[in-house]
Structure formats: structure tokens, C-alpha cells
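Beneath this line is the structure, given in C-alpha cells, with notes to follow.
The values are calculated or read from the model by the stated rules, or taken from the named source; none is laboratory data. In this text, all values refer to a predicted model and were calculated from it rather than measured experimentally. Using ideal geometry, Cβ is built from the backbone for each residue, glycine included, and neighbour counts are taken over all protein chains shown.
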């Protein structure tokens, strides 16, 4: 996304960056009606946000001055505060807009807004329209969501409440009036709406009528993503939510041209990137088996469509497990590592505390330490470009249109396997949305990885072919391009000519006790690179499923198939076929680019089993395809997530230390430090004037040789930032 009218204002927003013009970003619908707003844009100003989500009892029970003092201490320059919807925390005059029973004659929200403004903070106000009280039900029963059996929907967590229909008049009419009142009373920078998009299919009279008018169909009776009626409903729902976004945003801008409506999530990241001038990513914390890098993954996906628009990452100090426990808190280590992943991947932190009355204050120092460090180094966090040369393609299109067959289950594990491989390999990378594959979108990448991007249109396949024709490289796995954009299977891969193979009409598996034969060749440098680290074994475990293919070109054979053979009884565990000529890796040089195709679900199998051999092989294939000196290389122990950014006068390498026995099952109990030696390629034409370790506040010795800076980092606890000052 291209920035428009980007200016430096010495006296505005505390000397940080601001924007001029009614629209800042290319692709914004406002570009066609260019009207300068009456005041400078605030969008790119705040770098450290604080969210306080009130509970109804807070008025009269919590200490607002504690929060104002805390915001000042941590240098928070943006506040996200609860305003209305389920509960109004100000003296609302709208009938049926429930005012907190504990507020009396006070104005809870008004006091905090005034205090934040005195501290120079920007204000975003939060609404939540997903539930309502009995008086709303009694006055407007048609506003309430209806289940498939025709019953009004009670709230799943609080049976005193009713769930509202997100796609009907409650949101389009009632909440539009609430938004207008909030804007009139407080003139915030915008309104952020939580749980605004509804929950499952609603069978109320409005949804029945509106969907029938749109599609000619009755509402779907089952939630199956490949069911034609459900797919039509999902299409209609997205259009309806887009209409709601337009209505709310337009009314908010009428009140204040620089203000915005910010949805908490939208089911289409392309639409989010096009329409949002900034975005709050509500990725609060880990739960279950969520890996710690998941916050960075969410940031990368949003960055792929938002570009460098301000992206604020909401992280919770509370526990995010199934049974909630919102009044308890996480460990310091868990909070720090989650926030570090977001910041390293280009998000601006926004801690959220549910309830103003604090029971457990153990989180307070952890957040303060983070924010104080980020404030001190703010100029190094104002990124102007990512320097990653590897792009991992992700596909909402495939997610919607692919699945149903046994080998297509858990298809998201393909992406997670590649993601984890790159983290362990310490390769800086970004995410690429599969609907943004133009030459301009891809020009900064040398390598694209397609982890089973099964559903691709003919046009998308041509874009990928053009990327390789222009010198790019490609790694693809499993059923990539075997289906069109609607999920209809092709007779052959859409990328068949690029991959050099054709589909042999079968997916094989699950393959019990099958192996990959490693054919070492000391005289072949390509084979040595592919089998690096696997020298001492003739075979490794195979993936679980594989696509049968026929080569249409000449290929090397470093890896071939050992077919399935019995794994019980023990007396029968021996291969019936010792080896075959069936290749399980296809490598091609295409002009200046390289193409690797892996017919097995090696990436998904790696994520599910975390076999060290799978990780090594995937890493080797990626490095072979990249075929260039890395932007940064890291030596030393542990698991370190690496991200590289450029700023106006500097370059930064973010090191997030994920080395921990709780990496795959949280929370972290402690942070375990590692050391690292970092070697960075200096950007062409730039001169290094100094090197700093920002989070530990050190100026280390460094060596500059052959256009590379090498620096020893003695300790990475959770997050270290190596900064190169550039002339």
C-alpha cells in the first residue's frame, strides 16, 4: 500500500509523523473525494495504547486516578475505553440504552476521557452491541437473534441477557444512534466495536427476509462451509457486514471527519486492508496449544493487506483459556513474550485490562517495563519497510473453498508447519495474501512459499508464473493449484508447467510406516545442500499423505519413496520394496529463479509430529530455493524469531527469544536467556554510524567488513532489538 501525503510535522502529535489530506492510503475510497480534514491526521501518532474495558460495577468502585497516573507512567499515548452498547458508562439519553446501575449522577467515561486528553492521549471509544437486556427484548423482540429451532437466543454466558442480531435493525438503527451520541458527547478519534459481527446463522424475521431477497434461498440449516446454501449465506453475511461498516463509518465521519469506525475483526483481510486506515488486532493471548509466535503470525497476515498503516495489537494481561477467569492474570514471562512477538512483527502494543477494579496487580510492572522500553526507543519502532525477502502465501480463498476429503482435514497445519520451520531456521519472512500477487505486491520478495495453497484461479497462477519469469523462486507443497478459486478440482495443477509435474489422479494415504530414501551424492552440490544435516542416515520418515504425480521434465533424485509396509506384528516390520524411483521432491531451475515442489504434506506432517528431520529437510529446500545471501544470519543456541525492518534513519533486527520448555503449551513460567551473534547486510548506499542494543540499553562493539555488520549480543531474555544507525 502506498502512502499518500506523508509529512513530518515538528509541532504536531509531539513531533511524530502525521498525515495530510482526507485519504492517506492508496486504494481508499476517499481518494475520489479529496477534501482536507479540519485538523491534522492523528492516525500515525500513538505508539503505545492502553485499553480499559469497564464492567458495570466499576463506577464508584474503581479508582480512575490510579489509571490516569499509570497511563502517564508508561507513556501511553492512546486510550481505548468502554463507552456503550450493552452498558452505557455515560449519561445516555437514548431509550433502551442501558446506563450502568452504579453510576448515579456521575459520568464515568467523561472523567477518564478528560484526564486522558489532558495528558495528550488520543481517544478511541469501545462499544459492544452483541447482547441486550429484557427491556430491549420486550420493546423489540425482532432485534433478538433466533436459533435454528425458532427460539430467541439467550446469552450463552449470562442467561439474563439476550443475543442481538448483528445484521438487522438493532445494529443498523439503534447502534447507529448510540455511535452518534458518543461522537457528540466525547468527539473521540474513532469508535471500536467488539463482537459486532454476530454469532453463527441467525433465523430472525429480518435475516430470513433479507437473505431470501438476496439469494432466493431459505437460510441454511447446517454450518458446513462447502454446502452451497451456507456458502451463499456466508457471501451475503460479508456483504451485509460491509454495509454496516459503511453506515457506521460514514455517520462517525459526519460528526468528525478525521474519526473512524474500527471493527473488531472482519471476515475478509483484503477488505480490511482496503477500507481500514488503521486497525486494532484483537489477538489477546495464548490458549491451549497455541505457539507463542501466533501473535506475530496474525500481525504478518494483517500486514500483508494493510501495508504500513498503523496496526495496534491488543494483548491481554488476563488469562485467555476456555473458562475465561478474566479477573486473574498471566505470568510476566507470558505477557512479555506475546507482546514482544507483536512488536517485532510491526504491531503497536495495546494492553487490555478487563475491569477497572484490580484484584491482582502482578501484571503492572511487566507492562510498565515493556512500555518504558518501547517509549525510549520509539523512533526505531516507526518502520518504513520490511526487509524480508521470503514471502509465505496464505489463502482465505482456500480456507473457504477447500476441504471435505480425508486428506484435506486440518489444512491450516500446512501453513503452521512452514511458519514454524522458518522461525526455527531464523529466516526473516512476511506473509502474502494470495489475492495480492501483482508484480508491485511481490517485487520485494525473492522467494514465495505456497503451503498447500490448493484453490488458485487461472489469473493467480499466471501471476505466480510471472513472478518466476522475473527471477523469483517458488516452493509449493501437496495440492497447491489443483483446484480453481471456487474449489472445483482441475484435471491437472494450475501450475503444472511451472512445477514440471502433472497430477496422476490420486492422493495416497494415510501412509503408515513409509519412508523417504535419501540418495547422497558427494559430487553433487545441489544434493549436498538438500540433504545437509541428514548425512548419517539413508532414510527419514515420510509424510502422512502424498499426491501422486508424473514428471514432465528431467529432475534430480535426491529423495525417493520407500512405500508403506507393516508395522505389526514386530516380526513383519521390514520393507517389502527396498527402494523406488518415485521422487518425493522436484527441483527445477527456471531462468534466474528456482522452483521446488513437494508432493507430500511434509509441512503439515512437520507441524503435527515436529520431526526434526522434516524440519531440516524443509529448511534445506527453502534455503536452496532462496539462492541468495540472507539479509541477516544468527549464530547461537535456542529458538529465536527474527524480523528485519528499515526506518527513516536506521535498520533494526528484532530477536524474540522463544527458547522455553513451555513453547508449545503455555504459559511461560520464566524467561531463559540465550546469546547470539548477529550478522547484518548493510543496505546499499547506507553508512553505519553506530550500533545499539535497544532493550538492554547497550552500545556493543561491532565489526564492519565487506558490507556486513557483525555484533555479539550477550543476552536475549525475551526481546532484543539490534539497531544500526544509518547515514
Among residues of the range 487-496 being in a loop (DSSP other than H, G, I, E, B) and surrounded by 15 or more Cβ atoms within 10 Å (Cβ to Cβ), the residue nearest to the chain's Cα centre (by Cα) is 487
Which condition number in (1) in contact with a helix residue (DSSP H, G or I) (Cβ under 8 Å, 6 or more places away or on another chain); (2) under 21 Å from residue 79 (Cβ atoms) is the one that residue 219 fails?
(2)
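This table checks each residue for (1) over 20 Å from residue 598 (Cα atoms); (2) over 21 Å from the mean Cα position of the chain (by Cα).
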| site | (1), (2) |
| --- | --- |
| 440 | yes, yes |
| 453 | no, no |
| 458 | yes, yes |
| 465 | no, yes |
| 469 | yes, yes |
| 474 | no, yes |
| 477 | no, yes |
| 485 | yes, yes |
For the range 57-89, which positions are surrounded by 23 or more Cβ atoms within 10 Å (Cβ to Cβ), farther than 12 Å from residue 350 by Cα and touching a helix residue (DSSP H, G or I) at 6+ places or on another chain (Cβ under 6 Å)?
59, 83, 84, 89
Select from the range 424-438 the residues that are more than 12 Å from residue 622 (Cα to Cα) and assigned to a strand (DSSP E or B) and write down the one among them that is nearest to the chain's Cα centre (by Cα).
431
Subset of the range 443-477 [part of a helix (DSSP H, G or I) and either closer than 19 Å to residue 629 by Cα or at pLDDT below 95 (or both)]:
468
Output the residue which, of all residues in the range 542-553 that are in a loop (DSSP other than H, G, I, E, B) and crowded, with 16+ Cβ neighbours inside 10 Å, is farthest from the chain's Cα centre (by Cα).
542
It is to be established whether one or more residues within the range 472-482 are touching a residue at least 60 places away in the same chain (Cβ under 8 Å), over 21 Å from residue 411 (Cα atoms), in contact with a strand residue (DSSP E or B) (Cβ under 8 Å, 6 or more places away or on another chain) and buried (at least 23 other Cβ atoms within 10 Å of the Cβ).
yes
Checked against (1) part of a loop (DSSP other than H, G, I, E, B); (2) at pLDDT below 95, residue 32 satisfies every condition except (1)
Residue identified as surrounded by fewer than 19 Cβ atoms within 10 Å (Cβ to Cβ) and at pLDDT 95 or above among 206, 199:
206
Filter the range 91-107 down to residues that are in contact with a helix residue (DSSP H, G or I) (Cβ under 9 Å, 6 or more places away or on another chain) and under 28 Å from residue 154 (Cβ atoms), then give me how many there are.
8
Inside the range 554-617, counting only strands (runs of 3 or more DSSP E) that do not spill past its ends, which hold 2 or more residues that are under 21 Å from residue 408 (Cα atoms), within 32 Å of the chain's Cα centre (by Cα) and at pLDDT 95 or above?
593-598
Can you name every residue in the range 279-288 that is out of contact with any strand residue (DSSP E or B) (no Cβ under 7 Å at 6 or more places or on another chain) and either buried (at least 22 other Cβ atoms within 10 Å of the Cβ) or under 15 Å from residue 51 (Cα atoms) (or both)?
286
So, residue 282, is that one within 14 Å of the chain's Cα centre (by Cα), closer than 20 Å to residue 434 by Cβ and at pLDDT below 95 or not?
no
Which condition number does residue 271 fail, the rest of (1) modelled with pLDDT under 95; (2) farther than 27 Å from residue 640 by Cβ; (3) part of a loop (DSSP other than H, G, I, E, B) being met?
(3)
Can you tell me which residue is farthest from residue 429 (Cα to Cα) among those in the range 621-634 that are in contact with a helix residue (DSSP H, G or I) (Cβ under 8 Å, 6 or more places away or on another chain) and crowded, with 21+ Cβ neighbours inside 10 Å?
621
Mind checking which residues of the range 497-530 are more than 32 Å from the chain's Cα centre (by Cα) and in a loop (DSSP other than H, G, I, E, B)?
500, 511, 512, 513, 514, 519, 520, 521, 522, 523, 524
Go over the candidates 450, 437 one by one and state the one that is surrounded by 24 or more Cβ atoms within 10 Å (Cβ to Cβ) and in contact (Cβ under 8 Å) with a residue 24 or more places away in the chain.
450
Could you grab me the full set of residues in the range 108-136 that are farther than 25 Å from residue 265 by Cα and surrounded by fewer than 17 Cβ atoms within 10 Å (Cβ to Cβ)?
110, 111, 114, 117, 118, 119, 120, 134, 135
Does the range 652-669 contain at least one residue that is surrounded by 14 or more Cβ atoms within 10 Å (Cβ to Cβ) and without any contact (Cβ under 8 Å) to a residue 12 or more places away in the chain?
yes
Okay, strands (runs of 3 or more DSSP E) sitting entirely in the range 307-398 with 1 or more residues that are on the phi < 0 side of the Ramachandran plot and surrounded by fewer than 22 Cβ atoms within 10 Å (Cβ to Cβ), I get 311-316, 348-354
